[in-house]
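Only one structure is covered here, and it is reproduced in the block below.
FYI, it's all coordinate maths here, none of it is from the lab. What you see is a predicted model; the values in this text were computed from it and never measured. Cβ: placed from backbone, ideal geometry, glycine included. Neighbour counts: every protein chain shown.
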Amino acid sequence: MTIRVAIVDDHALARAGFRFMLQPAADIQIVAEGASGEEGLRIARESAPEVMLLDISMPGISGIEVTQRLTRAQSPVRIAIVTMHGEGPLPKLLLDAGASAFLSKDCDSRELIEAVRRLARGERYVAAAIAQRMALSQTGADAIDALTPREFEVALMFGRGMRAIDIGAKLHISEKTVHTYKTRIYDKLGIRSEAELALVLVRHGLIGRD
């Protein structure tokens with residue numbers, strides 16, 4: 001049986017790389033590609049992939065939001081997050097939000113194909129190195145792990161210097177709601193400013209040092 005796969009990543013080279021990596025698998029067919037979260041949602045509706053390879057950071061709706069929306073809609077699409085950001089709380093957050101797999105973009109063709117096949121069988125897959133970091137983090141949970149997926153997404157946007165009004169427009173929520181999330185984030189992390197938030201995110205390797 002052929003496994004229908006969609007690739008959603010804003011970098012054309014990444015999409016080309018995934019196509020090349022999946023090419024040896026005769027049982028995998030790439031049915032659609034997209035470069036944004038909005039396109040990912042459209043592809044899920046119109047192309048009916050069984051598995052979607054999804055990046056996190058994209059223009060418009062992020063991979064986190066795509067995962068949440070498809071999960072809430074009870075979409076049959078199985079989501080495999082493939083990203084460069086495998087550190088910190090992201091893997092747990094995405095898996096809790098509804099993703100079925102979490103891999104690093106430096107994975108090889110064999111691992112990617114195996115992950116797709118497992119998802120098609122209804123299983124889950126987490127890259128070994130990421131699974132090990134997740135297991136180790138359970139012994140000393142950090143406050144950032146307490147953030148919900150939406151709080152985490154808002155925190156990343158503030159950490160990158162976005163204004164509340166722009167965050168609201170991107171997430172399709174009011175500016176007041178953004179500030180409510182901000183208050184919750186500050187309370188959970190025990191911080192008082194965006195500068196402190198940026199330091200927390202830098203410490204976890206979630207944003208770069210400027």
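Its Cα centre serving as origin, segment 143-203 has a Cβ charge dipole (Lys and Arg +1, Asp and Glu -1) of approximately 60 debye.
Of the GluC sites (Glu not before Pro) found in segment 67-132, those that fall in a DSSP loop while having at most 16 other beta-carbon atoms within 10 Å are Glu87, Glu123. At q = 0.11, 0.15, 0.17, 0.19 Å⁻¹ the log10 of I(q)/I(0) for the chain amounts to -0.52, -0.94, -1.18, -1.40, computed by Debye summation with a single uniform scatterer per C-alpha, solvent ignored. Among Tyr181, Tyr125, a tally of other beta-carbon atoms within 10 Å of each Cβ gives an order, fewest to most, of Tyr125, Tyr181.
When the charge dipole of the chain is built from unit charges on Cβ atoms (+1 for Lys and Arg, -1 for Asp and Glu) and taken about the Cα centre, the candidate among Ala48, Gly161, Val31 whose Cα reaches farthest toward its positive end is Ala48. Between the Cα long axis of helix 175-189 and the first principal axis of the chain there is an angle of about 80°, rounded to the nearest 10.
Straight Cα distances below 24 angstrom link Lys92 to the lysines Lys105, Lys170, Lys182, Lys188, with same-chain residues fewer than 8 positions distant left out. Summed over qualifying helices (DSSP H, 4 residues or more, each -39500 (n - 2.57)) and divided by its residue number, the chain shows a 222 nm mean residue ellipticity of -15000 deg cm²/dmol. With 5 Å bins beginning at zero, the pair-distance distribution over Cα atoms of segment 15-128 amounts to 2, 12, 25, 27, 22, 10, 1, 0 %.
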